[in-house]
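A quick write-up on the structure given underneath.
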């Protein structure tokens, strides 16, 4: 963690983490670089939002890392995921009703 810089935003009223962003300032080695090396400049960004009263979900994830493991295996994860259109499903919803709700959203 000492190789990383970043920021965190907290919703003080609800004591929840809203966003976390980080960036590697210099290479990180595992096992003196024999097992793995993650390159400087690798970044991550995670955002959480309140989707219903008292219910927080991760709505955005952005991960961009590069490096290598065991000398030859390249590590490269370039992930951008955004989730939206959360729907509250009432208690007592049957499986058939839940499938019907999912089909409406998929259209």
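Within the stretch 2-15, if we keep just the residues that are surrounded by 10 or more Cβ atoms within 10 Å (Cβ to Cβ) and under 26 Å from residue 42 (Cβ atoms), the residue that is farthest from the chain's Cα centre (by Cα) turns out to be 3.
When residue 80 is tested against (1) exposed (fewer than 11 other Cβ atoms within 10 Å of the Cβ); (2) in a strand (DSSP E or B); (3) over 20 Å from the mean Cα position of the chain (by Cα), only condition (3) is not met.
Yes/no per residue for (1) within 30 Å of residue 105 (Cα to Cα); (2) exposed (fewer than 14 other Cβ atoms within 10 Å of the Cβ); (3) modelled with pLDDT of 90 or more:
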{"position": "32", "(1), (2), (3)": "no, yes, no"}
{"position": "36", "(1), (2), (3)": "no, no, no"}
{"position": "48", "(1), (2), (3)": "yes, no, yes"}
{"position": "59", "(1), (2), (3)": "yes, no, yes"}
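Filtered by the rule that a residue be in a loop (DSSP other than H, G, I, E, B) and within 17 Å of the chain's Cα centre (by Cα), the stretch 24-46 gives a lone residue, 42.
Within the stretch 83-107, being in contact with a helix residue (DSSP H, G or I) (Cβ under 9 Å, 6 or more places away or on another chain) and either closer than 30 Å to residue 45 by Cβ or assigned to a strand (DSSP E or B) (or both) holds for 85, 87, 89.
The values are calculated or read from the model by the stated rules, or taken from the named source; none is laboratory data. Treat the numbers as computed from the prediction; the structure is a model and nothing was measured. Because the Cβ atoms are built from the backbone with ideal geometry, glycine has one as well, and the counts that use them run over all protein chains shown.
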